[in-house]
Amino acid sequence: MEIRTRMAPSPTGKLHLGTAYAALWPYLFAKKNQGTFILRIEDTDTERSTKEFAENIIDGLVWLGLKWDGGPFYQMERLSLYKEKAEELIKENKAYYCFCSMRELEEERKKQAAADQSQIYSGKCRNLPKEEIEQKLSSGVDFVIRFKLPVERGKVKFSDLIHGEIEFDSQLLGDMVIMRKNGIPLYNFVVVVDDLDMKITHVLRGDDHISNTPRQILLFEAFNTPPPQYGHYPMILNQDRSGKLSKRTGSTALSDYRADGFLPEAIINYLALLGWTPPGDREILSKEELIQLFEIKNMNVGAAAWNQQKLDWINGQYIRSMSDEELTQRLQEFLPDHPIREKIAEVVPLIKDRIKKLSDFVPLTNFLFTEPEYEKSVFQGIYKKENLRQIMEKIVEVMEKLPRPWQKEVFEEAFRKFAEEEGLSVTETFQLLRVGISGQTVSPPLFESMQILGDQESVARLQKALSIL
RNA sequence: GCCGCCAUCGUCUAGUGGCCUAGGACGCUGGGUUUUCAUCCCAGAAAUCGCGGGUUCGACUCCCGCUGGCGGUACCA
């Protein structure tokens with residue numbers, strides 16, 4: 001039988017890391033088994049869902065490379081199907097109209113809470129006389145449709161792909177609402193109708209859905225169909241383990257990570273490591289390798305906390321493993337308005353080992369296209385003697401005398417010789433030169449940087465530095 | 001409250017009864033390479049396996065209880 005999985009985000013916010021994580025598992029499982037991965041937009045919460053959020057989610061999934069094979073299907077475009085299915089249940093006496101007001105229900109729950117009872121619907125409208133239902137319906141009383149939970153069913157058991165056997169007592173579930181008066185269905189019901197309609201064979205979802213599973217299984221039974229296989233993976237926790245991943249300890253929007261220069265392959269790799277353990281000890285794995293190695297049985301059962309440093313490290317690993325050409329292209333795409341965009345290719349070899357994310361490129365190379373600000377104290381911090389100015393003058397002199405066109409090998413030879421003659425350490429000399437060129441004590445390799453700047457600019461900078469000493 | 005899931009270094013994890021005086025990764029510390037910073041390489045610190053009972057010749061591994069964390073308990077998804 002063909003394996004069919006789905007990912008079903010609700011468009012009530014921008015693509016969250018947790019949503020990307022949720023997409024990864026059904027994607028990997030479907031690809032691993034040459035199956036079909038379906039994208040379904042669960043937009044039945046009309047208060048909170050927006051088209052923009054749906055688009056943001058779709059864009060994000062495309063960027064990550066988690067391409068779906070079917071959809072996107074929007075539930076709000078499928079309302080007639082849900083209506084038909086709800087009526088089918090009513091006809092078969094498996095669902096009923098409920099005329100209880102919100103107020104009544106709230107009071108009922110309050111009473112139950114006070115008496116330390118489970119807060120489940122009393123079933124007041126369960127067996128209303130036919131005439132009363134007709135009368136209320138025709139006089140326009142507000143109603144919802146409730147699923148008639150088969151209490152006699154006893155324990156609902158299922159074998160979770162990740163957790164193993166799980167069971168719930170159906171008595172504790174209550175008659176849930178499956179349809180609002182306005183014809184918009186509720187979550188547990190749409191999910192079942194859609195999973196049924198889309199012939200989903202494997203539902204991989206967060207373990208916050210474990211307690212929804214018995215309700216959904218009961219609905220599948222009401223439709224006389226065996227339920228799909230369920231697998232509930234753990235959620236991602238905040239960095240401080242203070243609960244499920246939220247804005248509390250940092251951004252959770254995928255678009256923020258993208259804007260910060262994280263690579264999609266690094267994010268996929270990291271998310272995979274958060275919920276699954278690869279065989280062997282390699283952790284840097286491409287999407288293709290993940291698909292090949294993925295096994296549900298190796299999915300983790302306990303929740304993992306977000307670890308930003310590990311993502312940073314993984315992103316750095318990906319950057320370093322790229323060819324210079326590829327990194328250049330990525331940077332050019334990432335920095336479309338960069339002032340020396342055409343020079344990025346030249347700079348890339350100097351910074352590849354020095355950046356963890358694409359955005360690091362800018363502060364690290366800023367001095368190459370912006371005149372630095374000089375501070376006397378920085379020079380004095382490197383060379384503490386009185387004749388600082390004289391030394392700098394000599395450095396400028398050496399620079400000016402170097403044969404053109406400039407070669408970086410010549411720089412090094414010339415300044416090592418200079419250091420020896422003047423009795424300076426090589427480090428001191430190179431650092432004075434570095435600050436003179438970049439205004440900073442930390443920079444990409446000095447001589448390569450000078451070559452990129454060119455002889456005139458380099459000498460001009462040193463002269464400007466000299467002027468403040 | 002009730003229902004459910006989970007529990008090994010700071011974090012992510014390996015571990016399926018003896019191979020564990022608990023292995024790996026990130027991070028951290030120290031050292032090496034190096035013109036700075038990084039990269040890279042080497043070394044190190046870091047878990048009495050949440051607690052208490054069992055079962056067993058033997059338990060991180062099996063069972064029970066407790067505690068703690070998390071999730072659910074909606075006309076949200």
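No value in this document is a laboratory result; all are computed from the given coordinates. Keep in mind the model is a prediction, meaning the values are calculated, not measured. Glycine gets a Cβ as well: all are built from the backbone with ideal geometry, and neighbour counts include every protein chain shown.
When a/c reaches 1.5 or more, the comparison of a/b and b/c decides; with that in mind, is chain A rounded, prolate or oblate per its Cα gyration tensor? Judged from the Cα gyration tensor, chain A comes out prolate (a/c at least 1.5, a/b above b/c).
Close Lys pairs in region A:376-467, defined as Cα atoms under 18 Å apart and 8 or more places apart or on different chains, number 11.
For chain A, what is the calculated [θ] at 222 nm in deg cm²/dmol (nearest 500), taking -39500 (n - 2.57) for each run of four or more DSSP H residues and dividing by its residue count?
Calculated at 222 nm, the ellipticity per residue is -14500 deg cm²/dmol.
Only lysines eight or more places from A:K136 in sequence, or on another chain, were considered; those with a Cα closer than 19 Å are A:K91, A:K124, A:K181. Less than 5 angstrom separates the built amide H of A:I178 from those of A:I145, A:R146, A:F147, all sequence-distant by 5 or more or on a different chain. Distant-in-sequence amide contacts of A:W276, defined by a placed amide H-H separation under 5 Å and a gap of 5 or more residues or a different chain, comprise A:N300. Put a plus charge on the Cβ of each Lys and Arg, a minus charge on the Cβ of each Asp and Glu, and nothing anywhere else: the dipole of chain A about its Cα centre is then about 980 debye. For the residue pairs A:K14/A:K51; A:K244/A:K287; A:K14/A:K244, the C-alpha atoms sit more than 20 angstrom apart in A:K244/A:K287.
Here the 3J(HN,Hα) profile of region A:57-64, calculated from phi with Karplus coefficients 6.51, -1.76 and 1.60 at θ = phi - 60°, is 5, 5, 4, x, 5, 5, 4, 6 Hz, Gly and Pro shown as x. Amide hydrogen proximity for A:R4: with H placed 1.01 Å from N in the peptide plane, the residues at 5 or more positions away or on another chain lying under 5 Å are A:T36, A:T201, A:H202. Normalising the average separation of contacting C-alpha pairs (under 8 angstrom, six or more residues apart) by the number of residues puts the relative contact order of region A:312-418 at 23 percent.
For chain A, which span is the longest to avoid every loop-located (per DSSP) member of GluC sites (Glu not before Pro) having at most 13 other Cβ atoms inside 10 Å? Between exposed loop sites, the widest span is A:93-294. Of all aspartates and glutamates in the structure, those lying under 12 Å Cα to Cα from A:K199, and not within fewer than 8 positions of it along the same chain, are A:E2. Sequence-distant contacts, meaning Cα pairs under 8 Å at least 6 residues apart, place the relative contact order of region A:153-312 at 23 percent.
Computed from the C-beta positions of A:A259 and A:S159 and an R0 of 35 Å, the FRET efficiency is 0.25 to the nearest 0.05. Here the 3J(HN,Hα) profile of region A:356-365, calculated from phi with Karplus coefficients 6.51, -1.76 and 1.60 at θ = phi - 60°, is 9, 9, 4, 5, 5, 4, 5, x, 6, 10 Hz, Gly and Pro shown as x. Shape class for region A:80-179: oblate, because the ratio a/c of the largest to smallest gyration tensor axis (alpha-carbon atoms, square roots of eigenvalues) is 1.5 or more and b/c is at least a/b. Here the 3J(HN,Hα) profile of region A:330-335, calculated from phi with Karplus coefficients 6.51, -1.76 and 1.60 at θ = phi - 60°, is 4, 5, 5, 5, 6, 10 Hz, Gly and Pro shown as x. The aspartates and glutamates within cross-link reach of A:K85, meaning a Cα-to-Cα straight distance under 12 Å and a gap of 8 or more places when in the same chain, are A:D194, A:D197.
Relative to the longest principal axis of the Cα atoms of chain A, helix A:213-222 runs at roughly 40 degrees. Counting Lys and Arg as +1 and Asp and Glu as -1 over every other residue whose Cβ lies under 12 Å from the Cβ of A:L335, the net charge comes to -1.
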